[in-house]
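Quick note: the coordinates plus some simple rules give every number you see, no bench work behind them. Remember, it's a predicted structure, so these values are computed and weren't measured experimentally. Neighbour counts are summed over all protein chains in view; Cβ atoms, including those assigned to glycine, are modelled from backbone coordinates with ideal geometry.
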Amino acid sequence: MRINQMSVANFKCFENYKFSFAPLTLLTGNNGTGKSSLVQALLLARYSALNEPKFIPLNDLFGLRLGHAADVRSYNAKSDILSIEIHDDLDDYKWTYASEGDPYDSLLLKIKTRPNVSEINSISRHVFAQRFTYLNTERLGPRETLELSSAPNGHLSVGARGEYVAQVIASQEREQIREEFRFAPEKNDSKKIATTLLKQCEAWLSDFVGNVEIRSEINSDTNQAYLRFKTGGLVRGNFHDWTRPSNTGFGLTYCLPIIVAGLLGSPGEIMLVENPEAHLHPRAQSKMGQFLGRLAAGGLQIVIESHSDHILNGIRLATVEQTHPLNCEDVLIHFFANDSIEEINVDDRGGLSKWPQLFFDQSQRDLRRIIETRR
């Protein structure tokens, strides 16, 4: 079960707009045009469905800081009522919201109407499952130690900022990973990779950035967890000693929560990832696009907010690689321009149905200018 469409009215920059979703949906485009607002609307719907509250806090919800009720009301709103509607394979689910008191003072939204009980049970069970994952663009960088979550193992997640990733690895390192999500070595590589969470994390991370080993432990005395990495030296395969995250750079710790959360996912669950390309080399960004494509092909519904042409091209490459399971019809791109939102599809040769102005064309623009200066 997955989200097919989502309608948003009077919320931030959306006066009234309906978005389509695919198994893998990429949100990209100019800064400040609504990509993050769409993700936030989806998070509000998820909170409304699972908790059935009377009020929605606009701050500290999934790490968001949305301000006052007036800050989330559309600038051109003709009504004080905000609405979010989810359309899945079974039904439509609609919530309406209004400010509680003066919208310029209120830090809450009051739920005015909601789906009935049977619809709420359906969307909670089929669309917003417990392992719904949201990874914020402000994930934690290298840390000496990481905090522990009090959630039981069955409900433990890496956290919106990846703050619990060390605990998840330490407590579930022997968890068997679904075959659809496992790393597939090259045909000429005879090395067998164990199917546990830890070894699959190492395999995928090594594919991104080069040889990596991971160690994660929990210190019950201090209620903290920590990560250590062992990375390849200047001579390929010559591993250094175990290294603190602060000595391995931001890329490893920024992308590790995405890998862990994805590998532990199950078909039908939703995974929202903001800026998966952050702090990664272009090759690793392309590999990340291919990894997210494999998760989508395996049954996760992936929603990505990204500014990276390497993420895009990694996804396109995945659709044409014979050994990759992602199909082109399972990918949908929303390009947010200043005055419009374009839907772009991928064809069976990895081509795009349209290429709007300013859609990942800056490299060509810069190269053209460089060539012109040589004349």
**OP:** Tell me the label-point distance for the pair Arg375, Gln176, using the 7 Å Cα-to-Cβ offset, in nm and rounded to one decimal.
**Re:** 6.5
Subject >> Full-extension gain in nm, Ile193 to Lys112, via 0.36 nm per residue minus C-alpha separation >> reply: 23.9 nm
Original post:
What's the center-to-center distance, using Cα atoms, between the stretch 311-375 and the stretch 1-75 in Å?
Top reply: 25
Subject >> Equivalent ellipsoid semi-axes, the chain, via Cα gyration tensor eigenvalues times 5, rooted, Å >> reply: 34, 27, 20
Subject >> Over 17 Å [Cα-Cα, the stretch 1-112], rounded percent >> reply: 52
**OP:** Mind checking the full-extension length gain between Ala184 and Phe250? Use 0.36 nm per residue of separation minus the Cα-Cα distance, one decimal, nm.
**Re:** 21.2 nm
Original post:
the stretch 276-331: Rg/Rh from Cα coordinates, Kirkwood Rh?
Top reply: 0.94
Original post:
If the chain between Arg65 and Glu217 were fully stretched, how many nm would it gain, using 0.36 nm times the residue separation less the Cα-Cα distance?
Top reply: 51.5 nm
Original post:
FRET efficiency for Lys18 and Val320, Cβ-Cβ distance as r, R0 = 35 Å, nearest 0.05?
Top reply: 0.70
Original post:
To the nearest µm²/s, what D does Stokes-Einstein give for the stretch 313-375 at 10 °C and 1.306 mPa s, using the Kirkwood radius over alpha carbon pairs as Rh?
Top reply: 117
Subject >> the stretch 55-95: Rg to Rh, with Rh as the Kirkwood radius over Cα pairs >> reply: 1.05
**OP:** Kindly write out, for the stretch 76-92 in residue order, the coupling ³J(HN,Hα) from the Karplus curve 6.51 cos²θ - 1.76 cosθ + 1.60 (θ = phi - 60°), rounded to whole Hz, with x marking Gly and Pro.
**Re:** 9, 4, 9, 9, 7, 8, 9, 9, 9, 10, 9, 10, 10, 5, 9, 7, 10
Original post:
Cα-based Rg of the stretch 194-276 per 2.2 N^0.38 Å, rounded to two decimals?
Top reply: 1.18
Original post:
Can you flag which of Lys35/Lys112; Lys12/Lys78; Lys199/Lys230; Lys191/Lys230 are past 22 Å Cα-Cα?
Top reply: Lys35/Lys112
